[in-house]
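Beneath this line is the structure, given in structure tokens, with notes to follow.
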Amino acid sequence: MIYLLAFLCGFILDFFIRDFEKIPHLVRFIGISVSIFEKLFRKVFKSNIGLLFSGLLIVCFNIFIWGGLAYLINSFVYRINILAGFVIESFLFFQIFAKASLKFESMKVYYAIKSDDIEKSRKELSMIVGRDTDRLDYEHIIKAVIETVAENMSDGVVAPWFYATLGIIAAVFNNRFTGLILVLPIVYKTINTMDSMIGYKDEKYFYIGKAAARLDDIVNFLPARFSAFILLFVIFIISVTKNNSIIFTRSLKSFVKYRYIHSSPNAGQTESIIAGFLDTKLLGDAFYFGKLVKKRSIGDGNTKVKADDIIAVNNIMYFAYIVLLIINLIIGGIICFIL
């Protein structure tokens with residue numbers, strides 16, 4: 001139960017508090033590790049095959065390091081002091097999730113837009129997206145924020161929740177699996193961080209980042225689809241409370257039609273739903289590192305997005321957060337009953 005309580009504590013903290021900028025963050029340390037291995041292997045391997053192999057090594061070494069560290073925390077810190085183990089594990093879970101920080105960063109773009117400062121809007125947007133932002137107008141800035149929030153519902157919230165919950169369920173059947181409650185989400189976060197750093201398709205990262213990109217697609221496959229299910233459930237509740245079934249119907253149709261349009265097999269799962277919810281089109285062509293990348297649009301609607309849609313999408317994500325918390329409380333109740 002103490003592992004479950006630590007998980008819930010970290011999860012709830014992220015509901016209210018964003019990451020502290022001056023406190024060391026797990027993802028930053030993972031990022032440093034990825035950079036060190038990348039620089040090292042680029043000096044050793046020069047050919048395309050060599051870079052493919054070095055990308056695989058980067059993935060393996062980082063999973064071993066950070067998964068091993070998570071296992072050591074679960075295995076030994078609790079034996080030394082239960083309270084210290086609980087506090088450390090709660091803090092790590094808090095850092096694994098990214099909802100409050102994502103809302104904070106997306107709202108910085110929102111406020112820049114509301115103040116009619118296009119340059120500041122582009123600058124703030126560049127902190128949360130990988131595309132070039134220096135030529136975007138307000139409409140495309142808003143769409144980029146909405147897409148990022150929708151996609152990161154899975155990457156930043158549901159996926160780490162999914163793997164931590166999977167560890168909890170495994171531990172119920174056998175207490176030797178209690179370490180998985182922390183190990184699985186940290187390993188996921190490691191994979192996701194590697195993908196965000198080197199998983200690009202440009203000339204520099206195409207080979208060295210392929211292993212990280214493919215593994216990220218694999219580990220996000222189930223969480224992305226579960227995210228879509230949760231998102232549709234939330235929108236269904238919204239449509240019922242507003243007595244407007246069109247909202248849910250439109251979201252569901254967009255999901256069925258456009259969930260695989262995205263170049264990623266997972267990102268389109270949630271973005272297609274949000275496009276239907278807002279009755280608009282998302283994605284489309286974008287510039288990356290100065291090069292135009294052609295993309296198909298997601299959604300059938302022609303409604304022009306507005307800044308307040310950023311708030312609406314963030315609110316939907318918070319409703320989804322509450323649904324996930326309720327699921328965990330139910331699981332906790334079942335565990336108490338079993339014990």
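The values are calculated or read from the model by the stated rules, or taken from the named source; none is laboratory data. The structure presented is a predicted model; accordingly, all values stated were derived computationally and were not measured. Reconstructed Cβ throughout: ideal geometry from the backbone, glycine too, with neighbour counts over all protein chains shown. Surface accessibility is based on the protein's heavy atoms, side chains included, excluding ligands, DNA and RNA. Shrake-Rupley method; radii C 1.70, N 1.55, O 1.52, S 1.80 Å.
Can you tell me which residue within the range 243-271, out of those that are assigned to a helix (DSSP H, G or I) and hydroxyl-bearing (S, T, Y), is farthest from D300 (Cα to Cα)? Spell out how you get there, then give the answer.
Pass one, the range 243-271, residues assigned to a helix (DSSP H, G or I): 245-258, 267-271.
Subsequent filtering for residues that are hydroxyl-bearing (S, T, Y) retains 245, 249, 251, 254, 258, 270.
Working: S245: 17, T249: 13, S251: 10, S254: 7, Y258: 9, T270: 15 Å.
Looking at residues that are assigned to a helix (DSSP H, G or I) and hydroxyl-bearing (S, T, Y), I get S245.
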Inset, instruction - Quickly run through the range 190-211 and pick out the residues that are open to solvent by 20 Å² or more (accessible area, probe 1.4 Å), part of a helix (DSSP H, G or I) and not small (G, A, S). - result: N192, D195, M197, K210
Inset, instruction - Taking D155 as the residue in question, decide whether it is of a type in the set (D, E, K, R) and part of a loop (DSSP other than H, G, I, E, B). - result: no
Inset, instruction - Starting from the range 107-133, take each residue that is over 21 Å from R18 (Cβ atoms) and list its partners that are of a type in the set (K, R), counting only C-beta distances under 6 angstrom and pairs at least six apart or across chains. - result: T133/R122
Inset, instruction - Please specify each residue of the range 158-181 satisfying the condition of being open to solvent by less than 20 Å² (accessible area, probe 1.4 Å) and outside any helix (DSSP H, G or I). - result: G179
Legend entry - Selection from the range 66-106 of residues that are in contact (Cβ under 8 Å) with a residue 40 or more places away in the chain and among the aliphatic types (A, V, I, L, M): L69, A70, I73, I82, L92, I96, A98, A100, L102
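Please verify whether N315 is surrounded by fewer than 15 Cβ atoms within 10 Å (Cβ to Cβ), polar (S, T, N, Q) and in a helix (DSSP H, G or I), treating the condition exactly as stated. Break it down into steps so the answer makes sense when it comes.
On the way: surrounded by fewer than 15 Cβ atoms within 10 Å (Cβ to Cβ): yes; polar (S, T, N, Q): yes; in a helix (DSSP H, G or I): yes.
Yes: the conditions hold for N315.
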Inset, instruction - Go through the residues of the range 270-283 one by one and say whether even a single one is open to solvent by 70 Å² or more (accessible area, probe 1.4 Å), in contact (Cβ under 8 Å) with a residue 12 or more places away in the chain and in contact with a Gly (Cβ under 9 Å, 6 or more places away or on another chain). - result: no
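If you scan the range 219-239, which residues turn out to be open to solvent by 10 Å² or more (accessible area, probe 1.4 Å) and either in contact with a Cys (Cβ under 8 Å, 6 or more places away or on another chain) or among the aliphatic types (A, V, I, L, M) (or both)? Outline the logic, then answer.
Step one: filter the range 219-239 for residues open to solvent by 10 Å² or more (accessible area, probe 1.4 Å), giving 219, 221-222, 225-226, 229, 232-233, 236-238.
Those that are open to solvent by 10 Å² or more (accessible area, probe 1.4 Å) and either in contact with a Cys (Cβ under 8 Å, 6 or more places away or on another chain) or among the aliphatic types (A, V, I, L, M) (or both): V219, L222, L232, I237, I238.
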Legend entry - Which listed residue is loosely packed, with under 15 Cβ neighbours inside 10 Å and charged (D, E, K, R), from K257, K242: K242
